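What follows is a set of notes on a single structure, which appears directly below.
The values are calculated or read from the model by the stated rules, or taken from the named source; none is laboratory data. What you see is a predicted model, and the numbers here were worked out from it, not measured in a lab. Here the Cβ positions follow ideal geometry from the backbone for every residue, glycine too, while neighbour counts run over all protein chains shown.
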Amino acid sequence: MALDPKLVGRTYTSAQPYEVGREKIREFADAVNDPHPAYRDPEAAKALGHPDVIAPPTFAIVVTRETSWQVIEDPELDLALHRVLHGEQRFAHTRPIRPGDQLVCTLTIDSVKQAAGMDVISTRTEIATVSGEPVCTALATLFHRPEESA
């Protein structure tokens, strides 16, 4: 059954801020095999004009995890995780994510459509500090196969 277009505009918000830690940044850089010194060495980051180490650009996916799961678990969307394909992910940063940031997310469903027999859900997640400073916008596209295709 196709998703209802009335879902467009639905929002999901962080229950709590995500506090960015230097160790989490290092672990993420290691996990994605990115050796850039600005992700580990404060002096290397300062040489590039940053006050401290910075997170790799894709670290934002860690921050969006909670609101993304809210979409998957929303009973009105009735998504089955085993039939969801994460089709696209983009990040537009206002500034790098840094240790000590306390970040909150607001995810909005921007569009719901059908293509090739699948639901296509486009989302936009605004990541900001608890004081409201914009940090990043994460755009994602999810594909959901109907049950009979599973």
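So that you can scan it fast, the table gives a plain yes or no per residue for (1) assigned to a strand (DSSP E or B); (2) closer than 19 Å to A29 by Cα; (3) touching a Phe, Trp or Tyr at 6+ places or on another chain (Cβ under 7 Å):
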residue: T58; (1), (2), (3): no, yes, yes
residue: T67; (1), (2), (3): no, no, yes
residue: Q70; (1), (2), (3): no, no, yes
residue: L79; (1), (2), (3): no, no, no
residue: A92; (1), (2), (3): yes, yes, no
residue: T106; (1), (2), (3): yes, no, no
residue: R124; (1), (2), (3): yes, no, no
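Please verify whether K46 is in a helix (DSSP H, G or I), farther than 23 Å from T141 by Cα and either more than 20 Å from the chain's Cα centre (by Cα) or among the polar types (S, T, N, Q) (or both), treating the condition exactly as stated. When the stated conditions are applied, K46 passes them. Within segment 1-16, the residues that satisfy the criterion of being surrounded by fewer than 15 Cβ atoms within 10 Å (Cβ to Cβ), part of a loop (DSSP other than H, G, I, E, B) and not small (G, A, S) are M1, D4, Q16.
Residue pairs whose Cβ atoms lie under 8 Å apart, sitting 6 or more positions apart in sequence or on different chains, and linking a residue in segment 86-97 that is modelled with pLDDT of 95 or more to a partner that is in a strand (DSSP E or B) and loosely packed, with under 11 Cβ neighbours inside 10 Å, do not occur here. Of everything in segment 36-53, what is surrounded by fewer than 16 Cβ atoms within 10 Å (Cβ to Cβ), of a type outside the set (D, E, K, R) and either in contact (Cβ under 8 Å) with a residue 12 or more places away in the chain or over 17 Å from E23 (Cβ atoms) (or both)? Give them in sequence order. Result: H36, A47, L48, G49, H50, P51.
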